[in-house]
Amino acid sequence: MSESVGIHRIGIVYFSGTGGTEAAAHSFAEQAQAKGLAVELEELGRKAGATGRKTLSETPAGWDCLLLLFPVYATDAPAPVYEWIRSWSPVAGQRIAVFSVSGGGEVWPNTGCRAECCRQLEEKGLRVIYEAMLCMPCNWLMPTHDHVAMHLLAALPRKTELILGRILSGSIRRTAHRKGFLVRQLAKYEQSGSRGFARKLHVDEACNGCARCARDCPTGNIRMHNGRPEFADECLMCFKCVYNCPVRALQSNNIMVLKQGFSLSGLQRRMKDTPLLPVEECCKGVLWSGVKTYLTDRDRL
Ligand SMILES: Cc1cc2nc3c(=O)[nH]c(=O)nc-3n(C[C@H](O)[C@H](O)[C@H](O)COP(=O)(O)O)c2cc1C
């Protein structure tokens with residue numbers, strides 16, 4: 001399906017915990033700029049107006065098309081995404097493309113949160129013209145094999161260029177997934193479970209009181225007290241504080257947290273100059289089938 005377009009100005013709204021979705025948002029921005037489009041990026045969860053510029057939300061009519069990107073948190077999208085949808089005052093019929101970003105690809109139940117966001121956006125009067133899953137290295141539970149992770153980073157500009165080209169040529173892409181009863185129940189349980197996650201973090205003696213965790217926290221859930229971070233009950237479980245701590249002072253026994261940490265720049269440093277194994281050799285097993293399909297099918301979105 002396709003429609004005539006006329007897209008010259010793109011607004012990109014994203015939430016990112018550990019940088020995967022941010023990289024995808026920036027990749028879209030670079031592709032759009034290369035095509036001569038005007039582009040504005042807005043990160044959700046940062047204090048509004050901190051940059052002194054008007055946010056995208058304050059200039060809804062300024063954009064011919066919006067791109068919304070967020071990481072998949074099991075069956076749900078991060079809370080700031082829903083807050084943004086609720087607060088957005090769209091111009092009627094405004095076009096939006098929605099991208100979920102996951103470690104496992106377009107497999108159940110990863111698709112549930114995108115379906116829910118699209119439903120809520122449509123309820124607000126936006127027109128969802130395109131939706132897709134992007135894959136980035138997994139930051140929870142099961143780390144992505146380093147070679148696979150590097151393949152994913154290499155695939156990103158190809159995917160964003162392909163998708164943007166399709167949007168600009170008027171392609172419409174909707175997927176049939178629905179959130180469903182089970183996914184909705186799991187999402188409710190997860191949201192309430194994640195809020196108190198940070199309270200169970202242990203701050204060890206390595207903490208030097210630099211307050212980076214407090215500055216970075218997207219919900220302002222961390223405040224410094226006597227030079228140590230203290231946590232409240234608005235945690236998103238995005239792991240930004242845990243993985244970005246420069247001295248790795250925030251410890252957790254939760255099996256969801258990767259013991260070896262997570263850093264895209266660290267990955268790129270340690271894999272620099274390492275010849276990559278072919279995808280078929282390093283991406284094995286049913287749990288990684290969505291990632292394998294994403295990487296081996298160049299047209300797969
Ligand atoms: C709390 C949490 C839950 C997650 N759940 C899933 C999941 O169910 N399926 C999946 O494929 N990836 C899951 N992930 C992995 C992220 O979707 C993936 O690593 C994403 O690229 C992270 O984006 P970010 O770096 O922008 O935060 C989860 C990550 C977190 C932190």
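The values are calculated or read from the model by the stated rules, or taken from the named source; none is laboratory data. Bear in mind that the values here come from a model prediction, so they are computed numbers and not experimental data. Cβ: placed from backbone, ideal geometry, glycine included. Neighbour counts: every protein chain shown.
Miscellaneous remarks
- Some residue of segment 245-254 being within 24 Å of ASN110 (Cβ to Cβ) and part of a loop (DSSP other than H, G, I, E, B): yes
- The C-beta contact set for segment 139-162 (first residue within 14 Å of THR18 (Cβ to Cβ), second residue among the polar types (S, T, N, Q) and buried (at least 19 other Cβ atoms within 10 Å of the Cβ), distance under 6 angstrom, 6+ apart or interchain) comprises ASN139/THR18.
- The number of residues in segment 78-111 that are in a loop (DSSP other than H, G, I, E, B) and either away from the ligand (no atom under 16 Å from the Cβ) or among the hydrophobic types (A, V, I, L, M, F, W, C) (or both) comes to 9.
- Of all residues in segment 26-54 being among the polar types (S, T, N, Q) and modelled with pLDDT of 95 or more, the one that is farthest from LEU162 (Cα to Cα): GLN33
- Residue match in segment 140-147 (condition: surrounded by 17 or more Cβ atoms within 10 Å (Cβ to Cβ), assigned by TED's automatic domain parsing to the domain that holds SER100 and either hydroxyl-bearing (Ser, Thr, Tyr) or in a helix (DSSP H, G or I) (or both)): yes
- Residue among GLY170, GLY180 that is outside the structural domain of SER102 (by TED's automatic domain parsing) and either in contact with a Pro (Cβ under 9 Å, 6 or more places away or on another chain) or surrounded by fewer than 21 Cβ atoms within 10 Å (Cβ to Cβ) (or both): GLY180
- Some residue of segment 197-204 being in contact with a helix residue (DSSP H, G or I) (Cβ under 6 Å, 6 or more places away or on another chain) and either of a type in the set (A, V, I, L, M, F, W, C) or touching a residue at least 60 places away in the same chain (Cβ under 8 Å) (or both): no
- Evaluated against (1) surrounded by 15 or more Cβ atoms within 10 Å (Cβ to Cβ); (2) touching an Asp or Glu at 6+ places or on another chain (Cβ under 7 Å), ALA232 falls short on exactly one condition, (2).
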